[in-house]
């Protein structure tokens, strides 16, 4: 199934929303180009590294993420990890 087909299927389940669907696509289906715009940690990391004075809008963040296409999932992982003060071994 395509990302959109999976999204449509999962979102039809009561209690499953955009964020949950994106996490499913990233962690369970290992899709390479998922950008969870609803994820607070991701937004915080982007604002930390890319915002000059005020927080970026979601539209600006989406525009910024285009430079990471087709590997926005990997960019998301790096941005998440950059906020973690303790090194994690997998």
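Taking the simple approach of a point 7 Å from Cα along Cα-to-Cβ for both residue 56 and residue 41, what is their distance in nm?
With each label placed 7 Å out from Cα toward Cβ, I get 1.9 nm.
Given the peptides 14-23, 49-58, 73-82, arrange them by the average over their residues of other C-beta atoms within 10 Å, most packed first.
Details: 14-23: 13.5, 49-58: 10.1, 73-82: 15.6.
So the order, starting with the most tightly packed, is 73-82, 14-23, 49-58.
Relative contact order for the range 3-82: what is it in percent, counting Cα pairs under 8 Å that are at least 6 residues apart? Don't skip to the end; give the middle numbers.
Working: 63 pairs, mean separation 24.6, N = 80.
31 percent.
With no solvent and one equal point scatterer per Cα, compute the Debye intensity ratio I(q)/I(0) for the chain at 0.10, 0.11, 0.19, 0.23 Å⁻¹ and report its log10, rounded to two decimals.
Results for the chain at q = 0.10, 0.11, 0.19, 0.23 Å⁻¹ read -0.28, -0.34, -0.93, -1.21.
Which residue fluctuates most in the GNM of the chain (Cα springs below 10 Å): 34, 46, 11?
Evaluated over the chain, the most mobile residue of the options is 11.
On a 0 to 90° scale, report how tilted helix 18-27 is relative to the longest principal axis of the chain, with both axes built from alpha carbons and the result rounded to the nearest 10.
With both axes taken from Cα atoms, the answer is about 90 degrees.
Read-outs: derived from the displayed coordinates by stated rules, not from any lab. All values derive from a computational prediction rather than experimental measurement. Please note: Cβ atoms are built from the backbone with ideal geometry, for glycine as well, and neighbour counts cover all protein chains shown.
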